[in-house]
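First up is the structure itself, then whatever we jot down about it.
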Amino acid sequence: MSEKPVLQVRDLTVTFPAEGGGLTALQGVSFDLNEQEFVCVLGPSGSGKSTLLRVLAGLLRPTSGEVHFARNGYGEKPRIGLVFQQANLMPWRSVLQNITLPLELKNVPAAQARTQAREWIELIGLQGFENSWPTELSGGMAQRVAIARALIQDPDLLLLDEPFGSLDALTRERMGDELLRLWQARRKTVLMVTHSISEALLLSDRVLVLTPRPGRVSLDLPVNLPRPREEEMRYTCEFGELARQVRQAIGEL
């Protein structure tokens, strides 16, 4: 992991108009995200986690503060991939066609786009499903397609908004393993929102904890667990101590 910052967030505040004043979702949020770093964001419901991702994705303008990307020099527009809780695949497009969509929008030649998509299909383990429709896929398979669709454009930053939240517990664990495998293979810079402390600690290099609304960073915790990580690591004393610190910051202790 590089110590070169890809993203710098400084004193970020987001206030939504509301009767009797405004509703402040985030207040004074500051942090850096380094190249190839995997960071998870935790916090109670309503702490502004999804709002933060919407600001970073350029879908929402902050009320105040700065979001600063560095890509081959400052000022160049970054490539950002975004994956939501629902896969949001286009039902009229096959698996292959869903994955090629970002390249089509950039006018990449069709043959080149299909070649790259097939490479991602192999990487996510869906060989043989290239021509399947989204309705023929399980929830976990659909999310793998959504992640491949986000990664095929080689993003500078991958944003994941509770991508496994709609899956059952066993599928969620398997998808966490799949995401970890993909990240270790391609080493993209990732910021992921999750409600699972265990999932955050297994995946990330750092955990950011937000306070109840308005969301502020109450903990920026390095996860100094060795990689590659396996499921058994959840049951170690080191893992348990990190989980205790996160729970305390969230207010669960």
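Scanning segment 169-186 for any residue that is in contact with a helix residue (DSSP H, G or I) (Cβ under 9 Å, 6 or more places away or on another chain) and in a loop (DSSP other than H, G, I, E, B) turns up nothing.
Is there a residue being within 19 Å of ASP32 (Cα to Cα) and either over 20 Å from the mean Cα position of the chain (by Cα) or part of a helix (DSSP H, G or I) (or both) anywhere in segment 230-245? No: zero hits. Residues of segment 127-157 that are outside any helix (DSSP H, G or I) and out of contact with any Phe, Trp or Tyr (no Cβ under 9 Å at 6 or more places or on another chain): GLN127, GLY128, PHE129, GLU130, ASN131, SER132, SER138, GLN153, ASP154, PRO155. Sub-6 Å Cβ pairs linking a first residue in segment 23-37 that is in a loop (DSSP other than H, G, I, E, B) to a second residue that is surrounded by fewer than 17 Cβ atoms within 10 Å (Cβ to Cβ), at least 6 apart or interchain, are GLU35/SER2; GLU35/LYS4; GLN36/MET1; GLN36/SER2; GLN36/ARG187; GLU37/MET1, ordered by first then second residue. Checking segment 209-216 against the condition returns no match, with no residue being free of Cβ contacts under 8 Å to residues at least 60 places away in the same chain, surrounded by fewer than 16 Cβ atoms within 10 Å (Cβ to Cβ) and either among the small types (Gly, Ala, Ser) or not in a strand (DSSP E or B) (or both). SER94 meets each of the listed conditions (1) of a type in the set (Ser, Thr, Tyr); (2) surrounded by fewer than 21 Cβ atoms within 10 Å (Cβ to Cβ); (3) farther than 22 Å from LEU182 by Cβ apart from (3).
Can you work out which of the residues in segment 122-156 that are of a type in the set (D, E, K, R) and over 18 Å from the mean Cα position of the chain (by Cα) is surrounded by the most Cβ atoms within 10 Å (Cβ to Cβ)?
If we filter segment 122-156 for residues that are of a type in the set (D, E, K, R), which is where we start, we get 122, 130, 136, 144, 149, 154, 156.
Retained after the next criterion (residues that are over 18 Å from the mean Cα position of the chain (by Cα)): 122, 130, 136.
Numbers: GLU122: 11, GLU130: 16, GLU136: 12.
Here the answer is GLU130.
Scanning segment 54-66 for residues that are farther than 14 Å from THR189 by Cβ, out of contact with any Pro (no Cβ under 9 Å at 6 or more places or on another chain) and not in a loop (DSSP other than H, G, I, E, B) returns ARG54, SER64, GLY65, GLU66. Of the residues making up segment 138-152, those that are in contact with a Lys or Arg (Cβ under 9 Å, 6 or more places away or on another chain) and at pLDDT 90 or above number 1. Summed over segment 158-182, residues that are farther than 24 Å from GLN97 by Cβ and surrounded by fewer than 21 Cβ atoms within 10 Å (Cβ to Cβ) total 12.
Reported count of residues in segment 174-195, each being modelled with pLDDT under 90, among the polar types (S, T, N, Q) and within 27 Å of GLY215 (Cα to Cα), is 0. Just one of the listed residues (THR211, THR171) is modelled with pLDDT under 90 and of a type in the set (Ser, Thr, Tyr), namely THR171.
The values are calculated or read from the model by the stated rules, or taken from the named source; none is laboratory data. If you're wondering where the values come from, they're calculated on a predicted model, not measured in any experiment. Every residue, glycine among them, receives a Cβ derived from its backbone with ideal geometry; neighbour counts consider all protein chains shown.
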